[in-house]
Number of protein chains: 2
Amino acid sequence: MAAASEGDVKLLGMVVSPFVVRVRMALHLKGVSYEYVEQDLFTKGELLLKHNPVHKKVPVLLHDGKPICESLAIVQYVDEVWAASGPSLLPADPHQRAVARFWAAYVDDKFFPAWISIMRAETEEERAKKVGEAAEVTEQLEAALAQCANGKQAFFSGDDSVGYLDLAVGCNLFWLDAMRKMVGVVVIDAARTPGLAAWADRFRESHVGKEVLPDADIAAEYAKKIQAYRQAAVAASM
Amino acid sequence: MAAASEGDVKLLGMVVSPFVVRVRMALHLKGVSYEYVEQDLFTKGELLLKHNPVHKKVPVLLHDGKPICESLAIVQYVDEVWAASGPSLLPADPHQRAVARFWAAYVDDKFFPAWISIMRAETEEERAKKVGEAAEVTEQLEAALAQCANGKQAFFSGDDSVGYLDLAVGCNLFWLDAMRKMVGVVVIDAARTPGLAAWADRFRESHVGKEVLPDADIAAEYAKKIQAYRQAAVAASM
């Protein structure tokens, strides 16, 4: 599947950023070839500071030299520019599009902060509290899946192929797997959210799940590195 | 300007919510007739809780009974459903669309919280700090305007009529005017951000600025009401 008139496409990324993974999945689905340029977020380079001076964050897509920032805006851009290549990421129906945008915002505003705060918890008590909060957020996503997939054994796209909202949620899965391995916390619990757990299995088995989703061990390694930096900072400040 | 096949359109709103004002402006620009249903956010009604159970917030657009939530998703929905009526709100060019989406997210994630935290400051010292933070955020919007309007005396749309990002920023203006009257704080300062100050004047003089933007005094009255509730809560807790 080759995309026509791709132009020069570069992606500034970082291997364990779920937001970068989301964009890589969109490009993969559209069959867009691109140069991937890994960024060191500990020492941010000129390219990143030049092209995302506002947030100084990855991902940044450079298309014929023009920067596009913020992962959800990038995925929509990819969907619009390469409309004729691969599947449509957003649904065609305006109401379904609005629902997908609503839940994608929910993922970034509620779901991502919920699981990251479990990772960052400094005591067992705090972690237990954050796990409880994440469970409530995850139950909302279970309801979203029922609404979007319309009762079918399918994806958030309402179809049998992944779409915009699937990428929005699915790009977090390798971190959830890493967290389960590292601290034994299960965010998408088959007992509490069976629909979402089955969806997660389908997503992992999908084309982008297999081809693009990083291995959980890479996320776990990165988490250990961050933890070591934090401990060094605490030690140095004593 | 009449929109074809409008269907049954209701908007659950609250008069001083900038997010509601944003949607009213979009509907106004598209010439869509709708029933406006004011909500009491102190005692949330069944209609709101039923149609936005996740966030329990206004605005909610009900189109033929189907709810659409989150103001930016609603504005895009309005733009897509009534594509043939009135001006396009998002630009046609994918890169310009991505830039407009990027900055609209910035408005909601940074600009709105910046001015609201000035309103909520409890001491003069805290207020001064928040004013300083808001100034930095506002300077970024000045740069955004220069980028989007491309040096012309125009709107964020890059055109001589307001668009998606103009609505995103402009719906906050009556609150900024209220704040200037109430506490003497000027967020969009003609000395620091001359382009944005001139844009704000143009926006107030635009069709939706005149027809839809509420009067600053209504916002000031609402702020006093909130303040009275807060003081009562403090008094009762002593």
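The values are calculated or read from the model by the stated rules, or taken from the named source; none is laboratory data. Because the structure is a prediction, the values reported are computed rather than measured. Backbone-built Cβ (ideal geometry, glycine too); neighbour counts: all protein chains shown. For accessibility, only protein heavy atoms count, side chains too; no ligands or nucleic acids. Shrake-Rupley method; radii C 1.70, N 1.55, O 1.52, S 1.80 Å.
Determine if region B:52-75 includes at least one residue that is crowded, with 17+ Cβ neighbours inside 10 Å, in contact (Cβ under 8 Å) with a residue 60 or more places away in the chain and touching a Leu at 6+ places or on another chain (Cβ under 7 Å).
yes
Pairs needed: first member in region B:87-102, surrounded by fewer than 22 Cβ atoms within 10 Å (Cβ to Cβ); second member anywhere, hydroxyl-bearing (Ser, Thr, Tyr); C-beta distance under 7 Å; at least 6 residues apart or different chains.
B:PRO87/B:SER161; B:LEU90/B:TYR164; B:PRO91/B:SER157; B:PRO94/A:TYR77
Pairs only if they're at least six apart or on different chains, beta carbon under 8 angstrom, first in region B:150-169 and touching a residue at least 24 places away in the same chain (Cβ under 8 Å), second part of a loop (DSSP other than H, G, I, E, B) and among the β-branched types (Val, Ile, Thr); list them, first residue then second.
Here the result reads B:PHE155/B:VAL162; B:PHE156/B:VAL162, each pair linking region B:150-169 to a residue that is part of a loop (DSSP other than H, G, I, E, B) and among the β-branched types (Val, Ile, Thr).
Which residues, counting only those in region B:36-75, are out of contact with any Asp or Glu (no Cβ under 9 Å at 6 or more places or on another chain), more than 10 Å from chain A (Cβ to nearest Cβ) and of a type in the set (D, E, K, R)?
Once the filter is applied, which keeps residues that are out of contact with any Asp or Glu (no Cβ under 9 Å at 6 or more places or on another chain), more than 10 Å from chain A (Cβ to nearest Cβ) and of a type in the set (D, E, K, R), region B:36-75 yields B:GLU38, B:ASP40, B:LYS44, B:GLU46, B:LYS50, B:LYS56.
Within region A:31-49, is even one residue among the polar types (S, T, N, Q), over 15 Å from the mean Cα position of the chain (by Cα), at pLDDT 95 or above and open to solvent by 30 Å² or more (accessible area, probe 1.4 Å)?
Yes, that holds for at least one residue.
With respect to A:SER206, is the statement that it is modelled with pLDDT under 95, under 19 Å from the mean Cα position of the chain (by Cα), closer than 22 Å to A:LYS30 by Cα and of a type outside the set (Asp, Glu) true?
Taking the combined requirement at face value, the residue does not satisfy it.
Which one of the conditions (1) within 12 Å of chain B (Cβ to nearest Cβ); (2) crowded, with 19+ Cβ neighbours inside 10 Å; (3) outside any strand (DSSP E or B) does A:GLU80 fail to meet, given that it meets all the rest?
Just one mismatch for A:GLU80, condition (2).
Report yes if some residue within region B:121-136 is assigned to a loop (DSSP other than H, G, I, E, B), facing chain A (nearest Cβ under 10 Å) and surrounded by fewer than 18 Cβ atoms within 10 Å (Cβ to Cβ); otherwise report no.
No, every residue in region B:121-136 fails to be assigned to a loop (DSSP other than H, G, I, E, B), facing chain A (nearest Cβ under 10 Å) and surrounded by fewer than 18 Cβ atoms within 10 Å (Cβ to Cβ).
For B:LEU27, indicate whether it is assigned to a helix (DSSP H, G or I), open to solvent by 60 Å² or more (accessible area, probe 1.4 Å), of a type in the set (A, V, I, L, M, F, W, C) and out of contact with any Gly (no Cβ under 7 Å at 6 or more places or on another chain). Break it down into steps so the answer makes sense when it comes.
Working: assigned to a helix (DSSP H, G or I): yes; open to solvent by 60 Å² or more (accessible area, probe 1.4 Å): no; of a type in the set (A, V, I, L, M, F, W, C): yes; out of contact with any Gly (no Cβ under 7 Å at 6 or more places or on another chain): yes.
The answer is no for B:LEU27.
Can you tell me which condition A:VAL99 does not meet? The list is (1) assigned by TED's automatic domain parsing to the domain that holds A:GLY158; (2) of a type in the set (Val, Ile, Thr); (3) over 21 Å from B:ASP79 (Cα atoms), and all the others hold.
Only one criterion is unmet by A:VAL99, namely (3).
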